[in-house]
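Written below as structure tokens is the structure these notes are about.
Every read-out reported here was derived from the displayed coordinates using simple, explicitly stated rules and does not represent laboratory data. Source: prediction; values computed, not measured. Quick reminder, even Gly has a Cβ in these numbers, built from the backbone with ideal geometry, and neighbours come from all protein chains shown.
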Amino acid sequence: METPEFKTVGIVGAGAMGRGIAQIAAQAGSTVLLFDTQAAAIEQARAAIAAQWDRMVEKGKLPADAAAGHKARLQPAATLAELKGCDLVVEAIVERLDVKKSLFAELEGIVGEQAVLATNTSSLSVTAIAADLQRPQRFAGYHFFNPVPLMKVVEVIAGLKTDAAVCQRLAAYARQMGHTPVQAGDTPGFIVNHAGRGYGTEALRIVSEGVADFATIDRILKDQMGFRLGPFELFDLTALDVSHPVMESIYRQYYDEPRYRPSVITAQRLAGGVVGKKKGEGFYKYDGGSAQVAPEPPVPQVAEMPPVWVSTRAARRAELYQLLKDLGAKIETGQSPSPQALTLVAPLGFDITTVAVVERLDPARTVGIDMLVDDKATKRRVLATNPATRTDMRDAAHALFARDGKAVSVIRDSGGFVTQRVVATIVNIASDICQQRVCSPQDLETAVTLGLGYPLGPLAMGNQLGPANVLEVLFNMQTVYGDPRYRPSPWLRRRGAIGLSLLHEES
């Protein structure tokens with residue numbers, strides 16, 4: 001084992017986060033002193049960590065002598081003063097600025113002049129925590145994610161006065177612990193919590209407009225884009241007593257920036273105690289730990305299928321024509337639809353109502369299909385009606401696009417359907433993180449894929465769908481909703497305009 005960057009590490013806080021950091025620090029070869037104001041919590045933490053190592057030995061993932069060495073290096077500290085000889089002290093306590101500031105003021109008088117002090121804060125300003133320290137240059141953010149041994153990314157955050165060498169040492173130590181460090185500026189939410197704003201908040205806006213229910217939105221985003229969990233499944237897993245305050249905190253810290261606007265839906269559910277899986281009820285009800293999800297509506301039975309006419313402005317028009325041929329549709333090719341035709345539109349960003357009016361189509365026979373993503377790459381097709389769409393036309397479109405067995409969701413009118421607006425929001429926020437120089441594009445991609453488990457980093461996602469397409473979605477959604485939430489980031493607008501990769505960083 002290589003010599004650890006920090007030989008003796010103090011961990012303050014024996015909760016889940018403190019336990020996780022203590023575990024990987026001991027595994028890296030450091031002597032770890034674990035302190036908590038509750039003495040019983042220290043022993044419980046040590047026992048829990050030791051039990052994990054024992055399970056690893058039983059499974060053949062860790063030699064017995066290595067486990068014994070880890071246990072010997074994990075030691076209790078009865079008082080804060082016992083951390084005097086530590087090279088690094090990491091705090092993992094309650095997210096309160098006053099409490100953290102008080103702790104580090106005390107620690108500064110205990111540890112040596114060369115010791116590094118670090119906070120595991122997820123939502124507070126690193127600069128603010130260090131503001132009253134005598135030596136703020138040795139203080140940094142060191143944000144791990146729970147469960148620490150499994151979540152292999154750590155954000156290294158420089159405060160306003162942090163010495164660059166301190167961040168370099170913390171990054172090197174993260175690698176020794178088996179984690180991937182990413183460098184972040186001291187901004188609200190850092191990288192991961194900042195980049196994650198779009199997924200849940202935009203899904204909540206879709207629900208608030210009555211476009212679709214929770215389960216339908218989850219199905220669409222998993223099947224069309226490959227997200228492992230839908231946004232409402234994710235909310236239930238993290239619990240609203242954790243996620244809603246983070247949404248509010250980042251929104252307020254950015255002085256009510258519309259891109260991060262929270263939702264009254266989560267505020268109300270939090271107030272009612274319907275916070276998620278751990279309480280047995282959130283956006284879903286849980287029985288024995290399993291979500292109870294209503295079955296999808298059956299495919300309608302349609303006796304006679306109408307002919308189909310496709311808008312000349314449809315996205316992926318050639319692919320849509322081929323799909324219709326494969327499905328056995330009777331396709332009209334005239335300049336306008338016949339009075340009997342099902343009229344298909346495939347807009348980017350616009351709602352079906354707007355398209356029907358602009359293109360002078362009969363709204364009663366007009367249905368939209370989301371063609372942002374290549375149909376071959378998705379497990380689900382999404383159709384949208386407008387307020388005037390006839391039931392027989394809606395059912396005919398549903399039955400037609402389900403002919404080959406692929407799942408179909410039918411939603412109410414929405415600028416950008418579901419996938420377009422959620423993904424465009426994710427890409428736009430990520431682009432603005434890069435524009436603000438919070439981090440490098442590559443660190444953003446690494447942090448999001450490891451920290452949030454997205455199928456692709458948000459910038460790679462934007463590249464795959466086409467920056468120009470994402471821009472079109474945003475511009476058109478801004479027109480539909482009149483909301484500055486959808487204004488494109490300069491990073492995205494400029495790269496989309498000149499055909500550059502969103503991962504391109506200026507020299």
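Spatially, the range 387-402 and the range 30-72 are offset by 60 Å when compared through their Cα centroids. Suppose we look only past 43 Å in the calculated P(r) of the chain. What percent of the Cα-Cα pairs does that tail hold? That tail contains 27 percent of the Cα-Cα pairs.
What whole number of Å gives the distance from the Cα centroid of the range 118-133 to the Cα centroid of the range 238-256? If we compute the Cα centre of each part, the gap is 18 Å.
Summary of packing: across the peptides 406-417, 369-380, the per-residue average of other C-beta atoms within 10 Å ranks them, highest first, as 406-417, 369-380.
Is the range 308-398 best put as rounded, prolate or oblate by its Cα gyration tensor, with a ≥ b ≥ c the root eigenvalues, rounded for a/c under 1.5, and otherwise prolate when a/b is larger than b/c, oblate when not? Cα axes put the range 308-398 in the rounded bin.
With a/c under 1.5 counting as rounded, go ahead and sort the range 69-169 into rounded, prolate or oblate using the C-alpha gyration tensor (a ≥ b ≥ c being the square roots of the eigenvalues; past the cut-off, prolate if a/b is larger than b/c, else oblate). Show your work: numbers first, answer last.
On the way: a/c = 1.42, a/b = 1.11, b/c = 1.28.
Here the range 69-169 falls in the rounded category.
Most tightly packed first, judged by the mean number of other beta-carbon atoms within 10 Å of their residues, the peptides 391-403, 264-276 read 391-403, 264-276.
Which of rounded, prolate or oblate describes the range 258-350 when judged by the alpha-carbon gyration tensor and an a/c cut-off of 1.5?
Values: a/c = 3.69, a/b = 2.12, b/c = 1.74.
The shape class here is prolate.
Sparsely packed loop sites in the range 160-236 (the trypsin sites (Lys or Arg not before Pro) outside DSSP H, G, I, E and B with at most 13 other Cβ atoms within 10 Å) comprise ARG228. With the highest mean first, a sort of the peptides 324-337, 349-362 on other beta-carbon atoms found within 10 angstrom per residue produces 349-362, 324-337.
Using only C-alpha positions, report the orientation-averaged shadow area of the convex hull of the range 311-356, nm², one decimal. The partial results should precede the final answer.
Details: hull surface 13.9 nm².
Over every viewing direction, the Cα hull of the range 311-356 projects on average to 3.5 nm².
Distance between the C-alpha centres of the range 340-354 and the range 258-324: 19 Å, rounded to the whole angstrom.
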